[in-house]
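First comes the structure, then the notes that go with it.
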Amino acid sequence: MHDAQDTRPTSSNPYMSDWLSSMQTTAHDSALLPPHHGDCLGCGPANQHGHHLRARRHGDGVVAAHVFDGRHVGAPGIAHGGAVATVLDDLFGFALYVVGELAVTRKLEVEYLAPVLLQTEYTLHAEMLSRNGRKLRLRARVEDQNGQVVATADALFIVVGPAHFTSRAPVIQARR
Ligand SMILES: CCCCCCCC(=O)SCCNC(=O)CCNC(=O)[C@H](O)C(C)(C)COP(=O)(O)OP(=O)(O)OC[C@H]1O[C@@H](n2cnc3c(N)ncnc32)[C@H](O)[C@@H]1OP(=O)(O)O
């Protein structure tokens with residue numbers, strides 16, 4: 001059962017209200033997009049364990065410059081695959097600003113084509129490929145400074161309503 005049509009007010013929970021209203025941002029071309037919320041693992045500026053991803057709208061997609069650091073190490077000198085997946089998942093979350101929908105990851109498939117090195121800048125791109133009802137198909141790629149694609153991701157996101165998050169808000173707040 002889905003909750004995409006549920007538009008119950010969220011004013012009783014300011015933390016959740018702020019976050020949901022940020023998802024209604026109008027994404028102008030080249031505009032720096034807002035973090036999903038301050039503590040988001042992918043992009044939240046207040047999360048000391050996070051990736052602090054910053055993305056801009058680029059046409060119908062989003063683009064980001066990103067550097068993995070020592071907190072994200074897997075094999076020596078190389079970013080952990082889970083860290084790369086986290087950043088790609090969050091980049092898709094930024095693409096939702098352009099799509100204009102509230103949605104969550106149902107499936108994420110990452111191909112690691114070459115090692116993603118620490119302390120090295122990469123350019124990340126993501127865009128929506130197609131939409132079928134609530135199902136959004138998105139694709140992303142990670143390019144090194146020579147334009148070589150070192151990782152790609154395909155994702156299925158499902159459009160949800162605010163209740164997907166508000167019904168779980170007490171759990172989210174308890175962990176803060
Ligand atoms: C908001 C922005 C924040 C960005 C942060 C980065 C992104 C994230 O980290 S999101 C967090 C991680 N994701 C989650 O927590 C989601 C957990 N999953 C859920 O809550 C539910 O499974 C949810 C809401 C996605 C879907 O549940 P539900 O509404 O019951 O959908 P369900 O009916 O199972 O599937 C929807 C459709 O997708 C299809 N579908 C489901 N899985 C697949 C699949 N693997 N392949 C193809 N189709 C699929 C179904 O067949 C169905 O199709 P149709 O509408 O044609 O019948």
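The values are calculated or read from the model by the stated rules, or taken from the named source; none is laboratory data. Small disclaimer: the values here were computed from a predicted structure and weren't measured. Quick reminder, even Gly has a Cβ in these numbers, built from the backbone with ideal geometry, and neighbours come from all protein chains shown.
Could you please give the count of residues in region 64-77 that are more than 14 Å from the ligand (Cβ to nearest atom), buried (at least 18 other Cβ atoms within 10 Å of the Cβ) and in a strand (DSSP E or B)? Before you say what the answer is, go through the steps one by one.
To start, the set of residues in region 64-77 that are more than 14 Å from the ligand (Cβ to nearest atom) comprises 65-77.
Cutting the leftovers down to buried (at least 18 other Cβ atoms within 10 Å of the Cβ) gives us 66, 68, 72.
Within this subset, residues satisfying the condition of being in a strand (DSSP E or B) are 66.
Qualifying residue count, region 64-77: 1.
Take Val104 and tell me if it is touching a helix residue (DSSP H, G or I) at 6+ places or on another chain (Cβ under 7 Å), modelled with pLDDT of 95 or more and surrounded by fewer than 17 Cβ atoms within 10 Å (Cβ to Cβ).
Details: touching a helix residue (DSSP H, G or I) at 6+ places or on another chain (Cβ under 7 Å): yes; modelled with pLDDT of 95 or more: yes; surrounded by fewer than 17 Cβ atoms within 10 Å (Cβ to Cβ): yes.
Taking the combined requirement at face value, the residue satisfies it.
Taking region 104-148, which residues are among the hydroxyl-bearing types (Ser, Thr, Tyr), within 16 Å of the ligand (Cβ to nearest atom) and either free of Cβ contacts under 8 Å to residues at least 12 places away in the same chain or not in a strand (DSSP E or B) (or both)?
Answer for region 104-148, where residues must be among the hydroxyl-bearing types (Ser, Thr, Tyr), within 16 Å of the ligand (Cβ to nearest atom) and either free of Cβ contacts under 8 Å to residues at least 12 places away in the same chain or not in a strand (DSSP E or B) (or both): just Ser130.
Please enumerate the residues belonging to region 149-169 that are hydrophobic (A, V, I, L, M, F, W, C) and part of a loop (DSSP other than H, G, I, E, B).
Val160 - this is the single residue of region 149-169 that is hydrophobic (A, V, I, L, M, F, W, C) and part of a loop (DSSP other than H, G, I, E, B).
Could you say whether any residue in region 83-95 is away from the ligand (no atom under 15 Å from the Cβ), crowded, with 16+ Cβ neighbours inside 10 Å and small (Gly, Ala, Ser)? Step through it out loud before you land on a result.
Here is the first cut: in region 83-95, the residues away from the ligand (no atom under 15 Å from the Cβ) are none.
No, the conditions are met nowhere in region 83-95.
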